[in-house]
Structure formats: C-alpha cells, structure tokens
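**Student:** Below you will find the structure I want to go over with you.
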Amino acid sequence: MNKILLTALSLIITLAAFAQPQRVVADKIVAVVGNKIILKSDVDNSILDMQRQGMEIPENARCFVLEQAMGIKALVLQAEKDSLPVTDEEVETDIDNRIRSFINAYGGKEELEKVAGRSVYQLKEDFREGIRDQMLATAMRNKIVADVKITPNEVKAYFDKIPADSLVFYESEVEIGQIVSYGKASREAEEYAIEQLNDIKKQLEAGKDFRSLAMMTSEDPSAKGNAQSPGNGGRFEINRNQKDFDGTWINKAFALKEGQISNPFKTRFGYHIIQLVSRSGDDAVVQHILKIPQVTNYEIKESIDRLDSVRSKLIAGTIDFGTAVNKYSDDEQTKFTGGMLQGQNGSFLTIDQLDPTMVTAFKTLKVGQYSQPMEFADARGKKGVRILYLKSQTEPHRENMRDDYSKIADRALEQKKEDAIEKWFTGKISNYYIKVDPDFQTCESMKKWVEASKVVIPGKN
C-alpha cells in the first residue's frame, strides 16, 4: 500500500461529499473486503469530481481509487477488531472543523450549500462514515508503524540507492528566530480607537451596511482582502469551541443576541465591535470591525530600549535565546517554538519565505549573531520592534549526508514505515474475505487483492 493511502482517503471523503446531484445511475458492488463493500458509483463519482475540480487524474484512475478504498477498508476492519478507540465526539469534532473550513473557503454557509448542492446537515451526514473510517485507518496505521525506527546505517543505505542525477537541489535555507516587543499604545490612542468604534456603531444602528463599513474602516486585513483573496467584509462563521480565535472575542460574540452589536471591547489584537447575525447552538455567524490603537514613536523607542537590553544579555551569555523568548517576547505564534519561525520544512526557511525587512537584516548577520532591535509591522499592520537570531544558514547545494542528514533520515524512516505497511497488507488481507469485480482484476495495482480473493477461508468462501 503506497504512501498516499490516507491522503487519498481524505480526498475521496471530500469529493464524495461535494459530488454533484447528477450522480452515476448504474451501480454495483465492485469490491468487498470482509463485510465492507465498495460501489462502482463510489469509484466513478470520485473520478468525476476530480475532473470537475480540475485536479490531475492519476494513471489508471479507477484502479487507483479502488485499491486505495480497499486498503482503507482492511485497516478499518483490523482497527475494529483491535478495538482501537475512535469516539463519536472525535468524529463530530473533525466533521465540524471540515465544515467550518469549507464555509470560510467558499465565503459563507449559503455559498457552500450552493456549491455542494445540499445542506450543511446533509454534508455532515455524508462525511460521517468516511471520516470515522479515516480516523480508524489512521489509528491502525499508527499502531502498525509504532515500533519502526531507523539507524544511521539504514539512512546511509537509503541515500546510496538514490541516483546522483536525482538528488534534490536545495536553495539556501536559514533558521531564524525572533524576540518581539509590541509597544503599548497610550491611553489617548486607545480612547480614540474606542471613539471611532462607537461612531461606527451609531452608523450601523442607523442602518448603514455592515459589510461596506467594515471594508472601509476595519483594520483587519481579511475584511478588505487583496488581489489573491476577496475580502470577507468582517463576516465569520464560527464555533464556540474554536481555538483559532481569541477567547475573549469568541465569548463576546456568543454573549450577544441575534442582531445585537457589542460595545467596543479589547483583545490582544486591538479594539473590536461584533454583531451577532445568527446562531444555531454552538455555531454562529458574526460581523466584526477592528481598530488598532496607534503606537507612537515614543512607545517604539521604549520597545527598542527594552530589546537592546535583552540583546546585551544574549551576547553576554547571561540568558539563552529560548529563555529570552519565553520571558520577553510578545509574539504568540513563535512563543511556543522557542522563537523560531516555522515553514513547510519546520524551522528551515528559504529566502522567499521571509519578509523583505527580515531579508535585509539577516544579510548582515553571521550564524549565531543577534540583530539590533528594528521596527516592523506584522500581517495585521501592528507596529512593533524585534531582534532576529540567525541560528543556521546553508548554501545552495545538492543533497548530501553531511548537510541534510535529518531530511534524508525522515524520508528513509517514512519509506521503512511504508514497507512495514505493505508487509502488513501482504500478511493480513488473505485473512479477510476479498472479492474484486472482473473489470478490475487485470489492474497491476490490484494484483495482491486478486490473489487474496482466491484464498479460501473456511466458512467464508
């Protein structure tokens, strides 16, 4: 079973839920694994939806989809047999998270239902069995590979098998940490932000359109949008239990009555007003406007002095970087990563992943050095001061064991896990009743399943 097994299942779940009403009419069972069936429509509709969404169709797509689906069924069967724990609450939480992400992606509940051709309630029902299977299959896969480890000799053997002309070329990568100080706005600036929001609230209560005012006045970048993404006009679909929103903000939203607009209130992002548009249990639709009190040069100077003192301690060695981050940094995102910025490859970032002011600063640093405190503005336009720490930097190079051991080791370990999964399938699937439709029996990827279908299990065949 190849490494895209569970990724493919997630894709199939999503595509199945978004299949258009014009579904394939003719249907039959094309495969059976134990007591679980796979229908021809399951396979055909997944491929149709991949085409509809402009996704790349794999070679022998019907065989690919069926083989993946059968692999999932086998993992689920074993997970059920082993009584691996997947609770209804976990399934519901996953469903709710997916629905919220789709709502945000499509710009609202109504638009999502229009695209999907069914209600949110129906989408949740469509997701339920597939998500449960995905969670069980993931739990079973994790159990199979739980004890798989990799040795340095195995990493070297893995690397030695890679053809020289296939070695990855890496651009220069850096590991950069930061300590951030956001200047505290003056009381006058805070009062002005509150005054602005009170004025906006009066306009809204007089009948002004919330979306229009949000796009004109809110300092939340998502309200206005950009060339790549249209603005949301301050509108959000939220759930009371979401962790990606400020807790105070969530609590304030759910304390309102439908149609009510809050008084200005403060969070770590600034001052806000919220209108509760509608609510259904723990789900709600809200509209929001943000004002960020302006930080003056005086407050910026105070932050520079504070971080200059921190930098002196770092250079003197009286405090280490991680401790300094924990004690002095105001940046919530990097506070839990020891101050290190994160990207797709963990803490290793390419130059194009850094903001321009950061690139300019780190070019003057050597590995292990700390920058002078410098002004910057975050993604929301909030002004602050930061110190940068250049932990490491690589030159552009072909992959090699000296510079890239951890990356090679990760891939080698993943390959060893996939081999363990494949071995598990080879030894396990013949224990289940297997049936494969003749139309799929000539597929190369279905060979092991076809062979398993020929095994006679007493009392089952």
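The values are calculated or read from the model by the stated rules, or taken from the named source; none is laboratory data. Computed from a predicted structure; not experimentally measured. Don't worry about glycine lacking a Cβ; one is built from the backbone with ideal geometry, like all the others, and counts go over all protein chains shown.
**Student:** Can you pull out the residues in region 7-55 that are farther than 22 Å from Gln122 by Cβ, modelled with pLDDT under 80 and surrounded by 19 or more Cβ atoms within 10 Å (Cβ to Cβ)?
**Tutor:** Ala8
**Student:** Among what's in region 158-188 and is small (Gly, Ala, Ser) and modelled with pLDDT under 90, pick the residue that is farthest from Ala412 (Cα to Cα). Don't jump to the end; show me each part of the working.
**Tutor:** Step one: list which residues in region 158-188 are small (Gly, Ala, Ser), which gives 164, 166, 172, 177, 181, 183, 185-186.
Remaining after also requiring modelled with pLDDT under 90: 172, 183, 185-186.
Working: Ser172: 23, Gly183: 46, Ala185: 51, Ser186: 55 Å.
Among those that are small (Gly, Ala, Ser) and modelled with pLDDT under 90, it is Ser186.
**Student:** If you don't mind, another one. Filter region 224-269 down to the residues that are at pLDDT below 85, surrounded by 15 or more Cβ atoms within 10 Å (Cβ to Cβ) and among the small types (Gly, Ala, Ser) and list them by number.
**Tutor:** Matches in region 224-269: Gly231 only.
Residues are listed down the side, and each one gets a yes or a no for (1) touching a His at 6+ places or on another chain (Cβ under 9 Å); (2) charged (D, E, K, R); (3) in a strand (DSSP E or B):
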position	(1), (2), (3)
Asn198	no, no, no
Ser222	no, no, no
Phe236	yes, no, yes
Phe245	no, no, no
Ile250	no, no, no
Leu256	no, no, no
Tyr271	no, no, yes
Leu276	no, no, yes
Ala284	no, no, yes
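**Student:** Could you tell me which residue of region 353-402 is nearest to Glu154 (Cα to Cα), considering only residues that are without any contact (Cβ under 8 Å) to a residue 60 or more places away in the chain and assigned to a helix (DSSP H, G or I)?
**Tutor:** Only one residue tops the list, namely Arg402.
**Student:** Follow-up. I'd like to check something: does region 176-187 contain any residue that is outside the structural domain of Lys363 (by TED's automatic domain parsing), more than 22 Å from Ile292 (Cα to Cα) and either touching a helix residue (DSSP H, G or I) at 6+ places or on another chain (Cβ under 6 Å) or surrounded by 15 or more Cβ atoms within 10 Å (Cβ to Cβ) (or both)?
**Tutor:** Looking through region 176-187, none of the residues is outside the structural domain of Lys363 (by TED's automatic domain parsing), more than 22 Å from Ile292 (Cα to Cα) and either touching a helix residue (DSSP H, G or I) at 6+ places or on another chain (Cβ under 6 Å) or surrounded by 15 or more Cβ atoms within 10 Å (Cβ to Cβ) (or both).
**Student:** Taking only region 316-343 into account, find how many residues are under 18 Å from Phe376 (Cα atoms), charged (D, E, K, R) and free of Cβ contacts under 8 Å to residues at least 40 places away in the same chain.
**Tutor:** As a first pass, look at region 316-343 and keep what is under 18 Å from Phe376 (Cα atoms): 325, 328-335, 339-341.
Right, trim to charged (D, E, K, R) and you get 330-332, 335.
In the following step, the residues that additionally are free of Cβ contacts under 8 Å to residues at least 40 places away in the same chain were identified as 335.
Number of matching residues: 1.
**Student:** Might you check whether a residue that is at pLDDT 90 or above and in contact with a Gly (Cβ under 6 Å, 6 or more places away or on another chain) occurs anywhere in region 78-96?
**Tutor:** Taking every residue of region 78-96 in turn, none turns out to be at pLDDT 90 or above and in contact with a Gly (Cβ under 6 Å, 6 or more places away or on another chain).
**Student:** Let me ask something else. Is at least one residue of region 103-115 surrounded by fewer than 19 Cβ atoms within 10 Å (Cβ to Cβ), part of a helix (DSSP H, G or I), of a type in the set (Val, Ile, Thr) and modelled with pLDDT under 85?
**Tutor:** Yes, region 103-115 contains at least one residue that is surrounded by fewer than 19 Cβ atoms within 10 Å (Cβ to Cβ), part of a helix (DSSP H, G or I), of a type in the set (Val, Ile, Thr) and modelled with pLDDT under 85.
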